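K.L.:
I'd like to ask you about the structure that follows.
The values are calculated or read from the model by the stated rules, or taken from the named source; none is laboratory data. Values in this document were obtained by computation on a predicted structure and should not be read as measured data. Quick reminder, even Gly has a Cβ in these numbers, built from the backbone with ideal geometry, and neighbours come from all protein chains shown. Each accessible area value is taken on the protein alone, full model and side chains, heavy atoms only, with ligands, DNA and RNA left out. Shrake-Rupley method; radii C 1.70, N 1.55, O 1.52, S 1.80 Å.
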Amino acid sequence: MAESMSGFTRSHRCAETVNAHMGELVTLMGWVNKRRNLGSLIFIDLRDRTGLVQLLFDEDNIGTEGFEKAGTLRNEFVIAVRGLVQKRGGAVNENLATGQIEIKVLELRILSESLTPPFPIEDGIQTKDELRLKYRYLDLRRPELQQKIMLRSRVAQSLRAFMTDEGFLEIETPMLCKSTPEGARDYLVPSRVHPGHFYALPQSPQLFKQLLMCAGYDRYFQIAKCFRDEDLRADRQPEFTQIDMEFSFADQHTVMGVNERLIAHIFKEILDVDVELPIKRMTWQEAMDRFGSDKPDIRFGLELKDITNVVKNCGFSVFANAAANGGSVRGITAKGMSDMPRKKIDALGEFVKTYGAKGLAYLGINADGTYKSSFAKFMTPEELSAIAAEMEAEPGDMMFFSADCDKVVYASLGALRLHLGEQMGLIDHSRFEFLWVTEFPLLEYSEEQDRWVAMHHPFTMPMEDDIKYLDTEPWKCRAAAYDIVLNGVELGGGSERIYNPEIQEKMFTALGFTREESYERFGFLLDAFKYGVPPHAGLAFGFDRLMMLMTGAESIRDVIAFPKVKDASCLMTSAPGTVDEKQLDELEICIKPEAEA
């Protein structure tokens, strides 16, 4: 039976009872982590979010009734104890902050009993993710998860202090917004008061933070909850958190400078890691040409080489045709891998097909200088030597090639580069390598929508030198945009914003919007721009992604208290669920029968 904690006030958390409190009377509360009954003595490891401390139950100190009660304790019982801090009678545990002391218990209360948990409450368990997420409240008791969630809290506090010192105001923006379908799908919320009308949950505070600049709040930030109805991956969730900010009277260099100092501040204060400033910068085109990715992992080499000009007139039709059709032929040189077995080479060919490639050509140089290749019979020795020279390959090396349109070549070789980097052990996972990627294309063509769409969003300013292309050749425009990348993961992105109504109208025209459609979707912003809007720029970090990288987690689910799974459902609460017919009637919503749907 659960007992009351009346008269007990916790004096310390478990890991706070160190040598400095020797001889003191303390009151502790927490969970039974482990029990050892030696007959005349009972040892309990008591756990809370700070760590463990050993409790000693001796009948001479706690009495017969208390000793018998201690014998009923099981893992995950919640207890309160009052006792004296003393030196351990047995071996010291150097792995614990409290490893030199124990608590000689004088009084025990069982506050709550527990069933046997469905998995051990300890680190390193091999339990399936589905079971852990179903019992997430138990999973969150494990020390490794608690450390990640607590580190997240510390980062949020450090961030707020830094931003305040930099002159930013923390301002909350609405959660119930107007749907502006330009980008990912919105989560919609039906309105009872306005039947047939819907709110949208914000994909980001973008429009509101620009309106705050119009309103004169020249430096805004927010740790903002955002929602996107899109397919999940390891670094995505339907609801996520971003560190959002906007600056008035600032360009991209101002934004980058503040955020570089912010990153350096957080990594030093939280991880004691020195981030070298200024952070490296690379244009989008250079990133794609060298790494096949706009979020390159620069902790290792294996850079792409363009051999299009070398092979454009060669006898291998796959290469020659790609060059003739406006595509490219690019490759990667894997040092010392010429002895790679054919089975593994074929597996790499299947791997790149998932990124749109039709296959993977290869050319290896044996130790004696001879070649092994999938295409050597179509080429002269001189052509093979020219390829090897362009690829900077030597005897013992293996080269892999993709020939197609640039989009496919970049995607397939960029993924292959990361895959080989892991297989070859080239990536130092203890390093943090930051990079700014700049000068993105303003627009990208959507095959699905059969039109040009904004690569970032419709409010991104073209680079000043490219504004002249907006009317006639908008696809030539580069954006005054910048992404921050860490170890091959896009942490966040931002841009200078369009504040000139004329340029904004041209941008909407380039995206295929009529003036009427522009005002229907974004009229409130365009109207605000008529009343004096300052030049402004901003950026947003993915807070969950940042925490994933700082803690070394494999997924953002490990740094979110209650995450969703791949189908955007919650295994613990069974959300989403059905609702009562009465609620649907109030909203004037009718659900189609399953057969009709």
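K.L.:
Please report how far the C-alpha centroid of the range 135-177 lies from that of the range 94-114, rounded to the nearest whole angstrom.
P.N.:
30 Å
K.L.:
A further question follows. Accessible surface of Asp450 in the full protein assembly, 1.4 angstrom probe, to the nearest 10 Å²?
P.N.:
In the full protein context, Asp450 sits at about 110 Å².
K.L.:
Here is a follow-up. For the range 417-435 and the range 221-296, what is the separation of their C-alpha centers, rounded to whole Å?
P.N.:
Between the Cα centres of the range 417-435 and the range 221-296 lies a distance of 19 Å.
K.L.:
Kindly write out, for the range 468-473 in residue order, the coupling ³J(HN,Hα) from the Karplus curve 6.51 cos²θ - 1.76 cosθ + 1.60 (θ = phi - 60°), rounded to whole Hz, with x marking Gly and Pro.
P.N.:
Each residue's phi maps through the Karplus curve to give 4, 8, 4, 6, 10, 9 Hz.
K.L.:
While we're on this one: By the gyration tensor of its Cα atoms, with a ≥ b ≥ c the square roots of the eigenvalues, what is the shape of the range 1-138: rounded for a/c under 1.5, prolate for a/b over b/c, or oblate?
P.N.:
Cα axes put the range 1-138 in the prolate bin.
K.L.:
Rounded if a/c is under 1.5, else prolate if a/b is larger than b/c, else oblate: which is the range 320-384, with a ≥ b ≥ c the root eigenvalues of its Cα gyration tensor?
P.N.:
oblate
K.L.:
While we're looking at this one, here's another question. By average Cβ neighbour count within 10 Å, what is the ranking of 61-68, 198-205, 426-433, 489-496 from highest down?
P.N.:
489-496, 198-205, 61-68, 426-433
K.L.:
How many percent of the accessible area of the chain is carbon or sulfur, using a 1.4 Å probe?
P.N.:
50 percent
K.L.:
Quick one: accessible area per residue over the range 13-74, 1.4 Å probe, rounded to a whole number of Å²?
P.N.:
46 Å²
K.L.:
Same structure, new question: Compute the acute angle (0 to 90°) between the alpha-carbon long axis of helix 501-510 and the principal axis of greatest extent of the alpha-carbon atoms of the chain; round to the nearest 10°.
P.N.:
80 degrees
K.L.:
Using θ = phi - 60° and the Karplus curve 6.51 cos²θ - 1.76 cosθ + 1.60, what whole-Hz ³J(HN,Hα) does each residue of the range 43-53 get, with Gly and Pro shown as x?
P.N.:
10, 10, 8, 9, 10, 9, 5, 8, x, 10, 9
K.L.:
Right, next: If the reach is capped at under 12 angstrom between alpha carbons, list the aspartates and glutamates near Lys305, excluding any in the same chain fewer than eight residues apart.
P.N.:
Result set, ordered by chain and number: Glu286, Asp289, Glu390, Glu392.
K.L.:
For the charge dipole of the chain, defined by +1 on Lys and Arg C-beta atoms and -1 on Asp and Glu C-beta atoms about the Cα centroid, which residue among Leu131, Met163, Thr254 has the Cα displaced farthest towards the positive pole?
P.N.:
Toward the positive end, the furthest listed residue is Leu131.
K.L.:
Taking only Cα atoms, what is the 0 to 90° angle, nearest 10, from helix 59-71's long axis to the longest principal axis of the chain?
P.N.:
Roughly 60 degrees, rounded to the nearest 10.
K.L.:
Can you give the accessible area of Tyr445 in Å² (nearest 10), computed on protein heavy atoms with a 1.4 Å probe?
P.N.:
For Tyr445, the solvent-accessible surface is approximately 90 Å².
K.L.:
Hey, what's the Cα Rg ratio for the chain versus the globular rule of thumb, 2.2 N^0.38 Å?
P.N.:
1.21
K.L.:
Sticking with this one: Count the DSSP beta bridges whose two residues both fall in the chain, then state the antiparallel fraction as a percent rounded to the nearest 5.
P.N.:
Counting only bridges with both partners in the chain, antiparallel ones make up about 95 percent.
K.L.:
From the residues Ser293, Gln210, Leu73, which one has its Cα farthest along the dipole of the chain in the positive direction, the dipole being from +1 and -1 charges on Cβ of Lys/Arg and Asp/Glu about the Cα centre?
P.N.:
So the residue furthest toward the plus end is Leu73.
K.L.:
By a straight-distance test (C-alpha under 17 Å), which aspartates and glutamates pair with Lys134 as possible cross-link partners, with residues fewer than eight away in the same chain excluded?
P.N.:
In chain and number order, the partners are Glu122, Asp558, Asp567.
K.L.:
Cα gyration tensor of the range 422-463, axes a ≥ b ≥ c as square roots of the eigenvalues: rounded (a/c below 1.5), prolate (a/b > b/c) or oblate?
P.N.:
It comes out oblate by the Cα gyration axes.
K.L.:
Cross-link list Lys178/Lys564; Lys358/Lys407; Lys295/Lys358; Lys148/Lys280; Lys209/Lys268; Lys34/Lys564: which exceed 19 angstrom alpha carbon to alpha carbon?
P.N.:
The pairs that break the limit, which is 19 Å between Cα atoms, are Lys178/Lys564; Lys295/Lys358; Lys148/Lys280; Lys209/Lys268; Lys34/Lys564.
K.L.:
Helix 406-423 sits at what angle to the longest principal axis of the chain, using alpha carbons and giving 0 to 90 degrees rounded to 10?
P.N.:
Computed tilt is about 40 degrees.
K.L.:
Between the DSSP loop rule and a limit of at most 14 other Cβ atoms within 10 Å, which trypsin sites (Lys or Arg not before Pro) in the range 1-60 are left?
P.N.:
Counting only loop positions with at most 14 other Cβ atoms within 10 Å, the trypsin sites (Lys or Arg not before Pro) in the range 1-60 are Arg10.
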